[in-house]
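Colleague: First, the structure itself, so that you have it in front of you.
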């Protein structure tokens, strides 16, 4: 699914995309991957995604260049006390081209198209309305079968508890120019 006519906002510390207009609500994230319960006993809809530099999570004790958080709220009855679910996706610019060789051309094309669709403008804090963000293409591509899960909190104040975290084990490539635009 593509998200149409959304604002890409610089909120003072990160680039964020809210999905709030009628027709722009994402389908249940788990339906893309066949995981009906998300491990949390509830169904969740995507409401926004944002980025952190450096990553808030680590893999093998190492921070990555960029971490994307997708935020999902429960639909209907909330089970197991979860107020939200979040997915952490790591990106790295790798200076060594050989490290990118494990990704096929289609995957790299999807990642590049996603970051291009954000139309980040270096140094601009003005919200930008973009025609289409290729969020669904990216989320359909990532490997949700290899992830860590834990019960945690929101990572920004007020740091609400009971968030069902899903942190992907795969680190995806990001072009230097996309990272620098962020």
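Colleague: In whole Å, how far is the Cα centre of the range 128-182 from that of the range 46-74?
Modeller: 5 Å
Colleague: Modelled label-to-label distance, residue 53 and residue 132, 7 Å Cα→beta-carbon offset: nm?
Modeller: Each label point lies 7 Å from its Cα, and together they span 2.7 nm.
Colleague: Report the full-extension gain for the segment residue 108 to residue 153: residue separation times 0.36 nm, less the Cα-Cα distance, to one decimal in nm.
Modeller: In short, 13.1 nm is gained.
The numbers here are math on the coordinates, done by the rules we state, and not lab data. Keep in mind that this is a model prediction, so the values were computed, not measured. Cβ: placed from backbone, ideal geometry, glycine included. Neighbour counts: every protein chain shown.
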